[in-house]
Amino acid sequence: HWQYHPDKQEADVAAGEAEERVQRFIEIDQAWKILGNEETKKEYDLQQRGDNLTNEWPLHEQIYLEDMSWNEDGQIYTLSCRCGGNYSVSRSETKDVSLVCCDTCSLVIEILQ
C-alpha cells in the first residue's frame, strides 16, 4: 500500500495516474481502518455475508417465521443455529428477507411465507 502513498509518487507521473494512485491509497487506508478494528471488521463481515447470500450457501433448514422465537424487547425473531450462534431477523426485515445467515457461521435458513 506504500507505493500508492501520495508522498512516494515520482514527479514525472501523469496527473491522471497520480490521481488514481491517491484514490487507491485512500481505498486501501479505509480498508485497513475497517479491518483493523474488531468491531468494524465484524460489521463488515456480516454485511459481506449478507450481500453474498445465494442459494449456493449451505441451507441449514427451511422454517416458518412463527416457528422462530419472538423477542419483544429487541423486536426480532431468533433461531438457534447448530454451531451455537443465532439467526436473527427484525419484524421490518421479514417483508424483504427470505434468507438469513447465522451470526457466527456460514449456514443459512430460508424463511417461508
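With every protein chain kept in place and ligands, DNA and RNA left out, what is the accessible area per residue of segment 62-111? Probe 1.4 Å, answer in Å².
Solvent-accessible surface per residue comes out at 58 Å².
Quick one: length gained pulling Ala31 to Asp73 fully straight, 0.36 nm per residue minus the C-alpha distance?
Additional length available on full extension: 11.7 nm.
The values are calculated or read from the model by the stated rules, or taken from the named source; none is laboratory data. Model, not experiment: these values are computed from the prediction. Calculation scope for accessible area: heavy atoms of the full protein, side chains included, ligands and nucleic acids excluded. Shrake-Rupley method; radii C 1.70, N 1.55, O 1.52, S 1.80 Å.
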